[in-house]
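Working notes, beginning with the structure itself.
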Number of protein chains: 2
Amino acid sequence: MSAKTTILDMNRFDPSTASSLDEHKRDMVRRRAALGNGYRLFYRDPVEIVRGTGSHVFDEQGNDYLDAYNNVVSVGHCHPHVVEAISRQAALLNTHTRYLHETILDYSERLLAKLPEDIDRITYQCTGSEANDLAIRIARNYTGGRGIIVTNEAYHGNTDLVSGFSPSIGMGQELSPDCGLLPTPDTHLHGDEAIGDYMAAKLNEQIALMEARGVKFAGLLVDSIFSSDGIFPGKPGWLKKVADAAHAAGGLYIADEVQPGFCRTGDAFWGFERHGFVPDIVTMGKPMANGIACSATAVRHDILDAFTARIPYFNTFAGNPVAMAAASATLDVMENEDLMGNARRIGAMFVSQLEGLAVEHPCIADIRGAGLYIGVDFDDPATGDPMSVETLELIEHMRRRRVLTSNCGSFGNILKIRTPLVFSAADVDRYMTALADSLDALGL
Amino acid sequence: MSAKTTILDMNRFDPSTASSLDEHKRDMVRRRAALGNGYRLFYRDPVEIVRGTGSHVFDEQGNDYLDAYNNVVSVGHCHPHVVEAISRQAALLNTHTRYLHETILDYSERLLAKLPEDIDRITYQCTGSEANDLAIRIARNYTGGRGIIVTNEAYHGNTDLVSGFSPSIGMGQELSPDCGLLPTPDTHLHGDEAIGDYMAAKLNEQIALMEARGVKFAGLLVDSIFSSDGIFPGKPGWLKKVADAAHAAGGLYIADEVQPGFCRTGDAFWGFERHGFVPDIVTMGKPMANGIACSATAVRHDILDAFTARIPYFNTFAGNPVAMAAASATLDVMENEDLMGNARRIGAMFVSQLEGLAVEHPCIADIRGAGLYIGVDFDDPATGDPMSVETLELIEHMRRRRVLTSNCGSFGNILKIRTPLVFSAADVDRYMTALADSLDALGL
């Protein structure tokens, strides 16, 4: 499909247009050449950010931007409790896990208590990519299969292994010969009620095709809100049918909680939890330590034991005292400030206001969210075609109004609203005003 | 070879012996079960560390240990300049690289200035594993080959891809079908003068074997002090012959500088630099930001451009302001405190004192070092057999004297001395006293 964009190739600055920037930015863009062509900035007029607090960031002139994009700083930019924990631990000790240290034990116990009882082991890595890379190896080891099934626009990370299971990377990235693809669970197209049976049937088809070509099914690797597919949380419960089908076929369910985990959906601490089933492996990352590199793979002990009996695994920086102190402090804030409740309440308010706006803007074809992760489809009201170009223009207009937001989906026509979890009612108002003004300015 | 141990399976605590520990440690060991069986502690009596400064760490009772093992905290545990940089930046901003930020530009320029002129691009990752994973993909993309050659006991990381090129992991870890193996450059066996020609000839043999089985040679991936092979820095210059042979065969030379980089060898900022040749890709990690997860892949622009033209690569935490602030501060300390000079001077003093000790202890069969990375071979004076059991005992005796050191090599008979770069003359004295006393106690 030639119109298909990739999630890594949408909202971006084109360095060949640098002459239109002011001298300071032009100079920074020139210096960024040292990072290679892969380092893409957001926006036609890239944003320089020097400071952040809560859901706001500030440029070098002191202008404030509303951050409706960044999910890593889940408890807010530079939350003082997290900053204090990082500073205190960095001054005390930061070393690897071959020595005894309380922090990793305390944190692990707290986190395991938030997971289903069967998920009773946790191992640490530094990035979501490393967690998913390890999870696939663990699943393959346990099942004896190699086949991993993901969705059509999935992104699971950047290592050699997980890149092969991340179709949304696109361009010259080849998929693994052991990769099976499910369609995007497009509730806008198929409806909320039908989606569970539809996806379970598609999974069974893919498993059969995979096994017919001699690849044994090892597991399903899924982000339960289908972020890079275009944000399709669906109604709580539907995904259980798919998980049951994976289990019935002898495969594991790997829940990639890098995006939906840690209160994001408002309904539950984990994304899979909305759907009432127990995965076999849970990977997590981004918001875990509010920006300090920290990720983890949580897993049933029998599955992990089978792996560690064969393969020694060590990760130098993983689980170090500073990462664990930052992760503990992040969890404190989530609990103390009831950020799950905030995500639920503010997310519901956001969706309700978007629905109000949709009445006057028929190009808003679908609104779907879970907590503070919301997708808004823009389709041509006459033809139903995805409004890819217009949605990208919308992002740029929002940026001029100093609201940072983005787009996603295979056609780039989905507005992606993914705020820090501390987003307030006033923040929603500011976002909605900028969105309404931008739609008007674009005549949409 | 049945006697072969693995680097990940030597100095370790056996949890089944926990009953011999005091109640506090027994409890911590029990709680560590949550991390799975893969989390191995050092020592029969594991060390709990709560605080560190310079080349010393402290347990919960306030006892100080001399750290002659940890190379991540290269500028010393909790160096105040690094701690201050982390704390300051964590309070200001910590986000990804899609916005403009000065810190990554300043640091990249400083670091590229320390690399050969041809290496003119730098991309960031979070771990050495991620850097090597990416480097292999970049080399394969550029050469069109898949074959990677490493040494017999190499360790290059823990992702699925690099695990297949890390024979030292051992146990059930399979090598990649695209992996070629060079022998350890054992200067103790082959002599310093012969080693360059010997290894170059072995490389040519391996390339021929690889290509005979239809695998095109993509590159040589080498740690220039051969850390996990048993520390074989050799005389400056010998490795150029091997690099030249790799280039003559159309492959790239990937310098894994995770261990030898950042002043470690005392002779130069980078390990490969001792040998007077220019690699094509340079990977780095561990000591880069003194413990904050930070790694990088530096590469020639034509090689990187060929990759980024095909594959979008993004790494959420990589190059974030806190990691870059920590890395910049670490580099400040290396320069301001002349840690390269310190590594050279203290390393030479260390080797000289070890040579003095060897006169009275014929079991010391070889001493070799570059800066503050020193290996000492223990062989049975009568038979020449590696003294694997005795070297492990020695490590345990040193630990009882509160000196943290380790062993390595395929038989575990090599004492591994790899101190923070701030190690002092007094620290060497303490180490040597503990070593002499331990040898005496063991009757060696």
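The values are calculated or read from the model by the stated rules, or taken from the named source; none is laboratory data. Just so it is clear, the model here is predicted, and its values are computed rather than measured. Don't worry about glycine lacking a Cβ; one is built from the backbone with ideal geometry, like all the others, and counts go over all protein chains shown. Accessible surface is based on the protein model in full, side chains and every heavy atom, while ligands, DNA and RNA are left aside. Shrake-Rupley method; radii C 1.70, N 1.55, O 1.52, S 1.80 Å.
Laid out as a table, the results:
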quantity: Extreme residue, nearest to the other protein chains (Cβ to nearest Cβ), among residues of segment A:9-46 that are in contact (Cβ under 8 Å) with a residue 60 or more places away in the chain and under 20 Å from B:PRO312 (Cβ atoms); calculated: A:PHE42
quantity: Verdict on A:VAL278 being of a type in the set (Val, Ile, Thr) and surrounded by 22 or more Cβ atoms within 10 Å (Cβ to Cβ); calculated: no
quantity: Selection within segment B:79-110 - assigned to a helix (DSSP H, G or I), of a type outside the set (D, E, K, R) and touching a residue at least 40 places away in the same chain (Cβ under 8 Å); calculated: B:HIS81, B:VAL82, B:ALA85, B:ILE86, B:GLN89, B:ALA90, B:LEU92, B:THR103, B:ILE104, B:TYR107
quantity: Answer residue from segment A:117-142, given it is charged (D, E, K, R) and within 23 Å of A:LEU105 (Cβ to Cβ) and is surrounded by the most Cβ atoms within 10 Å (Cβ to Cβ) among those; calculated: A:GLU130
quantity: Test: residue in segment B:106-123 that is modelled with pLDDT of 95 or more, in contact with a Ser or Thr (Cβ under 7 Å, 6 or more places away or on another chain), among the β-branched types (Val, Ile, Thr) and under 26 Å from A:LEU92 (Cβ atoms); calculated: no
quantity: Single unsatisfied condition, A:TYR69 versus (1) touching a residue at least 60 places away in the same chain (Cβ under 8 Å); (2) farther than 18 Å from B:HIS96 by Cβ; calculated: (2)
quantity: Residue selected from segment B:116-169 under the condition within 20 Å of the chain's Cα centre (by Cα) and without any contact (Cβ under 8 Å) to a residue 12 or more places away in the chain, by the criterion nearest to the other protein chains (Cβ to nearest Cβ); calculated: B:ASP160
quantity: Failed item, numbered, when B:GLY62 is tested on (1) more than 8 Å from chain A (Cβ to nearest Cβ); (2) touching a residue at least 24 places away in the same chain (Cβ under 8 Å); calculated: (2)
quantity: Number of positions in segment B:281-311 that are assigned to a loop (DSSP other than H, G, I, E, B), open to solvent by 20 Å² or more (accessible area, probe 1.4 Å), in contact (Cβ under 8 Å) with a residue 40 or more places away in the chain and facing another protein chain (nearest Cβ under 10 Å); calculated: 1
quantity: Counted residues, segment B:389-444 - those being at pLDDT below 95, of a type in the set (Gly, Ala, Ser) and closer than 21 Å to B:ARG264 by Cβ; calculated: 1
quantity: Counted residues, segment B:88-115 - those being more than 9 Å from chain A (Cβ to nearest Cβ) and within 10 Å of B:GLY319 (Cβ to Cβ); calculated: 2
quantity: Number of the condition not met by A:GLY196 [criteria: (1) under 25 Å from B:THR127 (Cβ atoms); (2) at pLDDT 95 or above]; calculated: (1)
quantity: Checking A:HIS81 against (1) at pLDDT below 95; (2) closer than 26 Å to A:PRO260 by Cα; (3) surrounded by fewer than 21 Cβ atoms within 10 Å (Cβ to Cβ), the condition it does not meet; calculated: (1)
quantity: Test for B:ASP267: is it assigned to a loop (DSSP other than H, G, I, E, B) and either of a type in the set (Lys, Arg) or more than 16 Å from the chain's Cα centre (by Cα) (or both); calculated: yes
quantity: Unmet criterion (only one of (1) without any contact (Cβ under 8 Å) to a residue 40 or more places away in the chain; (2) open to solvent by less than 20 Å² (accessible area, probe 1.4 Å); (3) not hydrophobic (A, V, I, L, M, F, W, C)) for B:GLY76; calculated: (1)
quantity: Subset of segment A:47-59 (residues that are touching a residue at least 40 places away in the same chain (Cβ under 8 Å) and not polar (S, T, N, Q)); calculated: A:VAL47, A:GLY54, A:VAL57
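Listed here are the residues, each with its yes/no results for (1) among the charged types (D, E, K, R); (2) in contact with a strand residue (DSSP E or B) (Cβ under 9 Å, 6 or more places away or on another chain).
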{"site": "A:CYS408", "(1), (2)": "no, yes"}
{"site": "A:PHE411", "(1), (2)": "no, yes"}
{"site": "A:ARG418", "(1), (2)": "yes, yes"}
{"site": "A:ALA425", "(1), (2)": "no, no"}
{"site": "A:SER438", "(1), (2)": "no, yes"}
